[in-house]
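A quick write-up on the structure given underneath.
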Amino acid sequence: MQVFPFPVTDNHIHIDPINGRGAEAVKDFRRAGGTHMMLVTKPSWSLGIHPVGGEDFREVFDMTLAVAEMIRDHGVTVFPVLGVHPAEIGVLTRRMPLDAAETIMTDGLTIAAEYVAGGSAVAIKSGRPHYPVDEEVWDASNRVLLHALEVAADTGCALQIHSESGPCADVAVMAEQAGMPVERVVKHFAVPETPLTPSLVAKHEAIPALAQAGRRFMMESDYMDDNSRPGAVIGPKSVPRFTRRLCESGSISEEAAWRIHAQTPSEIYGIDISLP
């Protein structure tokens, strides 16, 4: 098992014992040197859940928390991130009006904040479609995102967002309107130009330069753990493996690795990421 002199944190990963490799993916992560995971809620439909009200997301969240317990049993420290995937709006509107779908999503986010306030999770997930949609769907999605920013601000937690590629500079403006600290809004699958806190896929070519510049960011795999898409986006070993390669090549220092994997996520999420 690879051992690092610093924690190694995957900031956005999914583990799915039903549709994916489950425990075997966790073991791969740990054997490669991974120590901490931000376990992110999967979309409801991928778990066989089809919400008709916001309360139905409790089942999604409870399933995520059960997976977190399994991950802990395999020696990895895990922090759940609960929320409503922005693509839910497209799935929901196949069987209900847009305003009903919007209500279900905002109610689900309010419930996710309850889990955070109760200590079961550390952050909320939201966003907006990363693919073209009609203007009315885009506007509704932005209202859902604004609600997520507001409940995260009220709860005092971080918010991970899944959205279109690019800086998403307008989300920083929305955060200010909601009273949400911009630095606690994490752009999943980010580009370096974002004013939000970027979470970069571990193979991103900008990581060495950003680390040398002292930029605050995190690393992720966005591993989906879906047997129909093996290895997507990149595998569970990826964050520790790319970290090892970057350190061994001198592309990043141990100090930078500590900042990426321990200091930054600890500050953003209000958690303690450290070695035993």
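Throughout, read-outs are computed from the coordinates displayed, never taken from laboratory work. Since the model is a prediction, treat every value here as computed from it, not as a measurement. Please note: Cβ atoms are built from the backbone with ideal geometry, for glycine as well, and neighbour counts cover all protein chains shown.
Observations on the model:
- Tail beyond 30 Å, pair distance distribution of the chain (Cα, percent): 24 percent
- 3J(HN,Hα) from dihedral phi, region 176-190, Karplus parametrisation 6.51/-1.76/1.60, rounded to Hz, x for glycine, proline: 4, 4, 7, x, 9, x, 4, 5, 8, 9, 9, 8, 5, 6, 7
- Tensor-based shape of region 13-137 (alpha-carbon gyration tensor, a/c under 1.5 rounded, otherwise prolate or oblate): prolate
- Whole-number percent relative contact order across the chain, with pairs defined as alpha carbons under 8 Å at least 6 apart: 21 percent
- Under the simplified labelling scheme, the L47-D62 pair shows an inter-label distance of 1.0 nm, with each label point 7 Å from Cα along Cα→Cβ.
- Full extension of the chain between A209 and V182 yields a length gain of 7.5 nm, computed as 0.36 nm times the residue separation minus the alpha carbon distance.
- Seen from P86, the other residues with C-beta closer than 11 Å to its C-beta sum to a net charge of 0, counting Lys and Arg as +1 and Asp and Glu as -1.
- A simple spin-label model places the labels of V91 and S120 1.9 nm from each other, with each point 7 Å out along Cα-to-Cβ.
- For K27, neighbours were defined as the other residues whose beta-carbon sits under 12 Å from its Cβ, and their charges (Lys and Arg +1, Asp and Glu -1) total +1.
- Rounded, prolate or oblate (a/c below 1.5 giving rounded, otherwise prolate when a/b exceeds b/c) for region 1-56 by Cα gyration tensor: oblate
- Note on Q2 and D226: the extension gain reaches 78.1 nm, defined as 0.36 nm multiplied by sequence separation minus the Cα-Cα distance.
- Rounded tilt (10° steps) of 238-248 against the dominant C-alpha axis of the chain: 30 degrees
- GNM flexibility winner over the chain from T103, T77, T64 (Cα, springs under 10 Å): T103
- Inter-probe distance in nm under a simple model that places probes 7 Å from Cα toward Cβ, at R216 and D154: 2.6 nm
- Exposure proxy order (Cβ contacts within 10 Å, fewest to most) of L149, L65: L65, L149
- Region 64-102 and region 109-141 have their alpha-carbon centroids 9 Å apart.
- Seen against the Cα atoms of the chain and their longest principal axis, helix 135-155 is set at about 60 degrees.
- Here r is the Cβ-Cβ distance between H74 and S249 and R0 is 41 Å; the resulting FRET efficiency, rounded to 0.05, is 0.90.
- Between the residues Y269, T64, M219, the greatest Cα displacement towards the positive end of the dipole of the chain, with unit charges on the Cβ of Lys, Arg, Asp and Glu, is found for M219.
- Degrees, to the nearest 10: 57-73 long Cα axis against longest axis of the chain: 10 degrees
- Using the average count of surrounding beta-carbon atoms within 10 Å as a protection proxy, the listed peptides 165-175, 5-15 rank, highest first, as 5-15, 165-175.
- 13 Å beta-carbon shell around A153, net charge (K/R +1, D/E -1): -3
- 3J(HN,Hα) couplings calculated from phi for region 12-23 with the Karplus curve 6.51 cos²θ - 1.76 cosθ + 1.60 (θ = phi - 60°) are, in sequence order, 7, 8, 10, 10, 9, x, 8, 9, x, 8, x, 4 Hz; Gly and Pro show x.
- Full extension of the chain segment joining D139 with A100 gains 12.6 nm, where the gain is 0.36 nm per residue of separation less the Cα-Cα distance.
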